[in-house]
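Worksheet for the structure shown next.
Each reported figure results from applying straightforward, stated rules to the coordinates on display, with no laboratory input. Note that the coordinates shown come from a computational prediction; the quantities given were computed from them, not determined experimentally. Here Cβ is always computed from backbone atoms with ideal geometry, including for glycine, and neighbour counts include all displayed protein chains.
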Amino acid sequence: MPQYVILMNHSADTCPSASERVRKWTEEALGDRLPKACQEHGVNVTLGPLHLDPSHRTLTIAEAPSIEAVNRALQEGGLIHFNDIETFSATPVPELMGRMANVPRIFD
């Protein structure tokens, strides 16, 4: 199944450690809303979420049928309200190198 990397970051004033409202929202999202949305869209978290210390950023790796499924799960999970979210498709390097063998070169 395709893999995706999810990077989320927020400002210091919307950090769950600084805002009681955001802390409660995050606990509810991670406790019920996000897992339910992931299940509904076939998203399986394989790593994380991991906090990237000391920033206001997290990293998650997930498997899903499509990037749209990942994005829908994140939206329905409610984390979009205080995070900037970037979602990337991820390719194992050996697979990528195999594909690159057929790509025309522009540099010697």
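The stretch between D108 and V45 holds 18.6 nm of extra length on full extension. This uses 0.36 nm per residue minus the Cα-Cα distance. Dipole size of the chain about its Cα centre, with +1 on Lys/Arg Cβ and -1 on Asp/Glu Cβ: approximately 60 debye, rounded to the nearest 20. Dividing the summed -39500 (n - 2.57) terms of all DSSP H runs of n ≥ 4 by the residue count of the chain sets its mean residue ellipticity at 222 nm at -9500 deg cm²/dmol. Going by neighbour counts of Cβ atoms within 10 Å, the residues F107, F88, F82 line up, fewest first, as F107, F88, F82.
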